[in-house]
Structures are given as C-alpha cells and as structure tokens.
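Q: Please read through the structure below; I'll follow up with questions.
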Amino acid sequence: MIIAEKEGAILRYARKDDMSQIDEITIICYTPIHESWVAIQSEEIYEALKDPNKTWEDKKTGQNHELFAEHPDWVWVLEKNSQIIGFVTFKIINIVAGKKLGIIENNGVFPEHAGTGWGKFMYRHVLNHFRDQGLHVAFLETGLDDSHIPARRAYEAVGFDRMAPVAYYWQDLRMNNPGSTTEEK
C-alpha cells in the first residue's frame, strides 16, 4: 500500500522481500554511528560488552526483522525508480490506559540520497500517521556525537523541539581504579 508520493518516489509499507535492502541501508547508515560509539566507549569496553555470538550488524538489522515480524505495517520503505532508497521504522506503545506514544525507531537513506529531504519526507508521514492514530506525543532517541548531526537536523526540521541531554559513563574495571584510596571510610 502506498502511503505518499513525491518526485517520482513512493513511501509504502515494506514487504518481506524488501528486508535485504533494508538490511543494506541499515548497515551503511549505521556504520559511522557504530564506529563513533566504539570510539566513545573505547575498544576495550566495547569488546567486553558485545555479544560474542552476534555482530552489531546482526543485532541492528535484527531489530528491523523483529519489528516487521510483529508489526509489518510499522516498517515503511522509500522507493524510487523501482529501487529502495530509504526506510523508516516506528512503534506505537501504550504508556498508561488510553495514552499511547509514537516512537520513531531505525531509519536511513542511502548516502547518495542523503541531505535531499527524503528523511524529513518519511518522518513527516510517520508523524501524520501518529496523529491519525490519535497520539499526542512522538519520541525518538538519537546521539549527541558528530555522526548524529544530520539526523538531529532532520528531526528538528520536522518539529522535534524538546531534548533531554543524557550522559552515559563507562569504566573499565580491569584498569586501576583512580577514585579509590587505601584509606577510604
């Protein structure tokens, strides 16, 4: 089913046979984010925390597959000239009785189409879908590192205007503990 059209592109519900393209876009778009995350944590902490049985690529693409298996209507693709060039996933969750929250999840556009408004096009339609479902609030999570600058600009351009900065801290416990003393009380 077609959700929207623009400049020869269509935004539509994903089909099972679209998942390999969604995987490809996910890996391409999330590689710089993953690399930034590893650099922020440190290679040592990243290695200590990662699942030894699953690559980050498998974990990230698996999120899309799990969502598609449960709610295929929450995975949309952007197609131009019979090629998928982008995708967006979202969730609608119950917060408390009668109150729901719309959450934009994984999304991306092939780099050759990035910066041309396609992300904003998809987000606007997801937000309109949330409104059509009677939702009052939309949410998303993104990083404050440089690899997320384009995403933050696009989210702000479609009206996301409230942000709570969050700090994640890690400590490699295999290293000396600089905060301890032998005479702690």
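What follows is calculated from the coordinates using simple rules that are stated; it is not laboratory data. A quick note: this is a predicted structure, and the numbers were derived from the prediction, not measured. Using ideal geometry, Cβ is built from the backbone for each residue, glycine included, and neighbour counts are taken over all protein chains shown.
Q: Between the helical axis of 56-70 and the dominant principal axis of the chain, each derived from Cα atoms, what acute angle in degrees is found, rounded to the nearest 10?
A: Helix 56-70 and the main axis of the chain meet at about 40 degrees.
Q: Another question, then. What do you get for trypsin sites (Lys or Arg not before Pro) in the stretch 24-120 restricted to DSSP loop and a cutoff of at most 14 other Cβ within 10 Å of the site's Cβ? Mind showing how you got there, number by number?
A: Working: sites: LYS50, LYS54, LYS59, LYS60, LYS80, LYS91, LYS99, LYS100, LYS120; in loops: LYS50, LYS54.
Taking the stretch 24-120 and a limit of 14 other Cβ atoms within 10 Å, the loop trypsin sites (Lys or Arg not before Pro) found are LYS50, LYS54.
Q: Please identify, among THR116, THR89, THR61, the residue showing maximal mean-square fluctuation in a Gaussian network model of the chain using a 10 angstrom Cα cutoff.
A: So, out of THR116, THR89, THR61, the one fluctuating most is THR116.
Q: How many percent of DSSP beta bridges within the chain run antiparallel, rounded to 5? Don't skip to the end; give the middle numbers.
A: Details: 24 of 27 bridges.
Roughly 90 percent of the DSSP beta bridges within the chain come out antiparallel.
Q: While we're looking at this one, here's another question. Using 20 Å as the Cα-Cα cut-off, could you pick out the over-long pairs in LYS54/LYS91; LYS60/LYS80; LYS16/LYS91; LYS6/LYS100; LYS6/LYS120?
A: Numbers: LYS54/LYS91 24 Å; LYS60/LYS80 24 Å; LYS16/LYS91 18 Å; LYS6/LYS100 29 Å; LYS6/LYS120 12 Å.
Beyond 20 Å between Cα atoms: LYS54/LYS91; LYS60/LYS80; LYS6/LYS100.
Q: From Cα pairs below 8 angstrom and at least 6 apart in sequence, can you work out the relative contact order of the stretch 2-157, rounded to a whole percent?
A: Details: 193 pairs, mean separation 36.3, N = 156.
Taking the mean separation of contacting Cα pairs over the length of the stretch 2-157, I get 23 percent.
Q: Relative to the longest principal axis of the C-alpha atoms of the chain, give the angle of the C-alpha long axis of helix 19-41, reported between 0 and 90° and rounded to the nearest 10°.
A: Relative to the chain, helix 19-41 is tipped by roughly 30 degrees.
Q: Can you give the calculated 222 nm mean residue ellipticity of the chain, where each DSSP H run of n ≥ 4 adds -39,500 (n - 2.57) and the sum is split over every residue, rounded to the nearest 500 deg cm²/dmol? Intermediate results must be reported in sequence, preceding the final value.
A: Values: 5 runs with 69 residues, N = 185.
-12000 deg cm²/dmol, from helical runs alone.
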